[in-house]
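Trainee: One structure coming up, written as structure tokens, with questions to follow.
The values are calculated or read from the model by the stated rules, or taken from the named source; none is laboratory data. Computed from a predicted model, the values in this text were never measured in an experiment. Don't worry about glycine lacking a Cβ; one is built from the backbone with ideal geometry, like all the others, and counts go over all protein chains shown. For the accessible areas, the whole protein counts, side chains as well, though only heavy atoms, and no ligand, DNA or RNA atoms are used. Shrake-Rupley method; radii C 1.70, N 1.55, O 1.52, S 1.80 Å.
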Amino acid sequence: MSVTIKSAREIELMREAGKILAKTHEELAKALKPGMTTWDIDHLGEEIIRSYGCIPSFNNYNGYPASICVSVNDEVVHGIPSRKHFIEEGDIVSLDAGVIYKGYHSDAARTYGIGEISPEAGRLIEVTKQSFFEGIKFAKAGNPLNLVGHGIGSHLHEDPEVPNFAGRLRGLKPRPGMTLAIEPMINAGTPEVVWLDDDWTVVTEDGALSAHYENTVLITEGEPELLSLVSEAH
């Protein structure tokens, strides 16, 4: 799949998809509370997405069995919702969600604290979020792509792949009209991770907490536009 430069119409559709996804995250954030199961979160998220006339991007994507990736504490990404997994006071919960609006995707993730969380957990969430905003200062036309993420548009994952490490990159540089999903994930301990037997859930090797923050980003002639961030302050 080649890198696509989006037309004005495609950008507008992705902008609308992003607004709906931002609202979905806002509604989920208000609903989170101790005693919910991760299945409850997924069920509510799918209901919200479909209430806006959209389709959840993740549902059955490459066999993923849910609409919202719900990753708790040491789960880095792709946690599978379960009726048996209850969230508790002090947990941190990463929600990764995507919507399809008239054939175009938006992808965004947030990490939330449940009730009163530890100072370490709060700092991890804030640092992960801030790393996104520090990184996208360089998400401008012509700069090398050194932010973790992927292209997005009429497909959930498109070229280019965006690495999360510095190096001598020979790949494409951002051009106006490119749309990217940028998603730093930060572990409180070791960077090493392992996959669980479900072949989806990624956890930290040492059991330390992990946080995730993501937005769909439009490269422009000037500052990048955050398509999946509407009213949230940063």
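Trainee: Can you confirm whether the stretch 137-146 contains a residue that is over 15 Å from Ile182 (Cβ atoms), surrounded by fewer than 18 Cβ atoms within 10 Å (Cβ to Cβ) and basic (Lys, Arg)?
Mentor: no
Trainee: For the stretch 61-91, give me each residue that is among the small types (Gly, Ala, Ser) and without any contact (Cβ under 8 Å) to a residue 40 or more places away in the chain. Steps first, answer last, please.
Mentor: To start, the set of residues in the stretch 61-91 that are among the small types (Gly, Ala, Ser) comprises 63, 66-67, 71, 79, 82, 90.
Those that are among the small types (Gly, Ala, Ser) and without any contact (Cβ under 8 Å) to a residue 40 or more places away in the chain: Gly63, Ala66, Ser67, Gly90.
Trainee: Return the only residue of Glu126, Glu134, Glu161 being at pLDDT below 90, closer than 25 Å to Gly98 by Cβ, open to solvent by 20 Å² or more (accessible area, probe 1.4 Å) and not in a loop (DSSP other than H, G, I, E, B).
Mentor: Glu161 is the lone residue from the list that is at pLDDT below 90, closer than 25 Å to Gly98 by Cβ, open to solvent by 20 Å² or more (accessible area, probe 1.4 Å) and not in a loop (DSSP other than H, G, I, E, B).
Trainee: Sticking with this structure for a sec: Please indicate, with yes or no, whether at least one residue in the stretch 83-91 is buried (at least 17 other Cβ atoms within 10 Å of the Cβ) and assigned to a strand (DSSP E or B).
Mentor: no
Trainee: Filter the stretch 20-49 for residues that are open to solvent by 60 Å² or more (accessible area, probe 1.4 Å) and out of contact with any Phe, Trp or Tyr (no Cβ under 9 Å at 6 or more places or on another chain) and give the result.
Mentor: Scanning the stretch 20-49 gives Glu26, Glu27, Lys30, Lys33, Trp39, His43, Glu47.
Trainee: Turning to a different aspect of this structure: Which condition breaks for His105 when tested against (1) outside any strand (DSSP E or B); (2) more than 22 Å from Lys30 (Cα to Cα)?
Mentor: The single condition His105 does not satisfy is (1).
Trainee: Let me ask something else. Out of Tyr52, Tyr61, report the one residue that is touching a helix residue (DSSP H, G or I) at 6+ places or on another chain (Cβ under 9 Å) and open to solvent by 70 Å² or more (accessible area, probe 1.4 Å).
Mentor: Tyr52
Trainee: Tell me which of these Ala97 doesn't satisfy, since it passes every other one: (1) surrounded by 15 or more Cβ atoms within 10 Å (Cβ to Cβ); (2) modelled with pLDDT of 95 or more; (3) more than 15 Å from the chain's Cα centre (by Cα).
Mentor: Tallying (1) surrounded by 15 or more Cβ atoms within 10 Å (Cβ to Cβ); (2) modelled with pLDDT of 95 or more; (3) more than 15 Å from the chain's Cα centre (by Cα), Ala97 fails exactly one: (3).
Trainee: Does Thr111 meet the test of being polar (S, T, N, Q), surrounded by 21 or more Cβ atoms within 10 Å (Cβ to Cβ) and part of a helix (DSSP H, G or I)? So that I can check it myself, show each step before the final result.
Mentor: Values: polar (S, T, N, Q): yes; surrounded by 21 or more Cβ atoms within 10 Å (Cβ to Cβ): yes; part of a helix (DSSP H, G or I): no.
In short, no.
Trainee: Right, another one. Being open to solvent by 20 Å² or more (accessible area, probe 1.4 Å) and either under 19 Å from the mean Cα position of the chain (by Cα) or at positive phi (or both) narrows it down to one residue among Gly222, Gly207; which is it?
Mentor: Gly207
Trainee: Where residues in the stretch 190-201 are of a type in the set (A, V, I, L, M, F, W, C) and in contact with an Asp or Glu (Cβ under 7 Å, 6 or more places away or on another chain), which of them is surrounded by the most Cβ atoms within 10 Å (Cβ to Cβ)? Lay out the reasoning, then the answer.
Mentor: Kept after step one, since they are of a type in the set (A, V, I, L, M, F, W, C), are these residues of the stretch 190-201: 193-196, 200.
Those still in the list that are in contact with an Asp or Glu (Cβ under 7 Å, 6 or more places away or on another chain) too: 193-194.
Details: Val193: 17, Val194: 11.
Among those that are of a type in the set (A, V, I, L, M, F, W, C) and in contact with an Asp or Glu (Cβ under 7 Å, 6 or more places away or on another chain), it is Val193.
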